[in-house]
Amino acid sequence: MREGVLHRYAAFLPLTPQTPRISLGEGNTPLVKSRRLGAEIGCEEVYFKLEGCNPTGSFKDRGMVVAVAKALENKARAIICASTGNTSASAAAYGAYAGLTTIVLVPQGNIARGKLAQAIAYGARVVAVQGNFDRALELVRILAQRYPITLVNSVNPYRLEGQKTAAFEIVDGLGDAPDYLCIPVGNAGNITAYWKGFTEYAQAGRATRRPKMLGFQAEGAAPIVRGHPVKDPQTIASAIRIGNPASWQGALRARDESGGRIDTVTDEEILEAYKLLARMEGVFCEPASAASVAGLLKLARQGMDFSGKRVVCVITGTGLKDPDLANQIADIPLHQVPPDLESVEEVVLGLWGR
Ligand SMILES: *Cc1c(COP(=O)(O)O)cnc(C)c1O
């Protein structure tokens, strides 16, 4: 049996004897050492924290398991969230597991196909709002205030409590905190949660230091970098297409207390990193996840020195969430051949020699 975060990190979570110890096997994700990408920027130790290996394919499961366990403890019967996709997939899965009605509000036409398929498959009630994520979040906040439905967006503090366990795992895996943590920033809950996790672990004597936090927003959806909300956020990375982050202050604290920075990456840089990760490292992630690596590459190009440093890039979700994108940007031709040995042999030999 694979134990989840409620078992492994109980001492660091707000659990009571009445909190049901539910799990779909979240957490304990691989920390994979880069073989080629790190070397290209002169860094011997770059690691990828593969959060796409969680049960629904993103880090959202770490926080959702705590939020749903607490909802059960508090006798809730329904949960609700606004989502660019991954939160709804996760809420739908844990809601189904817990026997709760799950209602998700998604921005119409702006959610990756894999994520919507998950919400539907898990039996969530999906409401497509003709507006963006920020509007959907405003609406669910009002509904959760008005009715006895538990809000499971990251404004629910239990979400961040669960998400901080990824920082614990990184320290447990490396023996101490890394020098830098690179992470995509959308609603800014995750960067806030990691900082909380690194801080609590250091306070508990499990780490001797904390990393510098390097957060990356998409150029067309970078409210924290600009210093004001963005009305109509645009980026190919739908999971970070957010104009008014709920955990804005938490992100600023993580940046400033760690001596790190929050910067932008363009969609071009995101797609470049997305391809490099898959082709050079065997890691297929969704575009928002590639923002962490895009940011690392950008800072290295600008002259930041990572030699002798230990860097962890958080790969927040799996590439299978967004199969349309992978197909759209495919630039390696598909070879169609008749099913006889001669034709296949000719094509194969032509490819092999290259
Ligand atoms: C939610 C999400 C993000 C952004 O995390 P925030 O906590 O909103 O900053 C990044 N990547 C993926 C894959 C996500 O699902």
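Just so you know, all these numbers are worked out from the coordinates, no wet-lab data involved. None of these values were measured; they are calculated from a predicted model. No Cβ is skipped: glycine too gets one built from the backbone with ideal geometry, and neighbour counts run over all protein chains shown.
Under 20 Å from a point 7 Å along the Cα-to-Cβ line of Ala121: which residues of segment 65-87 have their amide N that close?
Counting only backbone N, you get 65, 83-87.
Given labels modelled 7 Å from the Cα in the Cβ direction, how far is it in nm from Thr266 to Val32?
Label-label distance for Thr266 and Val32, simple model: 2.8 nm.
All other residues with a Cβ under 11 Å from the Cβ of Ala82 taken together, and with Lys, Arg as +1 and Asp, Glu as -1, what is their net charge?
0
Using a basic spin-label model with each label point 7 Å from the Cα along Cα→Cβ, how many nm lie between Glu40 and Ala204?
Reported label-point gap for Glu40 and Ala204 is 3.7 nm.
What list of whole percents do you get for P(r) of the chain, with Cα-Cα distances grouped in 20 Å bins up to the one holding the largest distance?
31, 56, 12, 1
How big is segment 242-354 by Rg and Dmax over its Cα atoms, in Å?
My reading of the Cα-based Rg and Dmax gives 19.6, 65 Å.
Give the distance, in whole Å, between the Cα centre of segment 232-297 and the Cα centre of segment 305-332.
For segment 232-297 versus segment 305-332, the Cα centre distance is 10 Å.
Nearest 500 deg cm²/dmol is fine: what mean residue ellipticity at 222 nm does the chain get from its DSSP H runs of n ≥ 4 alone, each adding -39,500 (n - 2.57), divided by its residue count?
Value at 222 nm, helices only: -13000 deg cm²/dmol.
Give Lys115/Lys309; Lys70/Lys298; Lys33/Lys70; Lys60/Lys212; Lys231/Lys298; Lys70/Lys275 a once-over and call out the pairs whose C-alpha atoms are over 31 Å from each other.
Table pairs above 31 Å Cα-Cα are Lys115/Lys309; Lys70/Lys298; Lys33/Lys70; Lys70/Lys275.
Nearest 5 is fine: what % of DSSP beta bridges in the chain come out antiparallel, could you say?
Percentage antiparallel, nearest 5: 15.
May I ask for the net charge around Leu299, where only other residues with Cβ less than 9 Å from the Cβ of Leu299 are counted and Lys, Arg are +1 while Asp, Glu are -1?
That works out to +2.
Work the Kirkwood hydrodynamic radius out for segment 88-164: mean of 1/r over every pair of different alpha-carbon atoms, inverted, in Å.
About 13.0 Å for segment 88-164.
Quote the FRET efficiency, to the nearest 0.05, computed for Leu341 versus Phe284 with a Förster distance R0 of 30 Å and r equal to the Cβ-Cβ distance.
Efficiency, rounded to the nearest 0.05: 0.45.
So for each of 319-326, 166-173, 70-77, 144-151 I average, over its residues, the number of other beta carbons within 10 Å; can you give me the resulting order with the highest mean first?
Packing proxy ranking, top to bottom: 166-173, 319-326, 70-77, 144-151.
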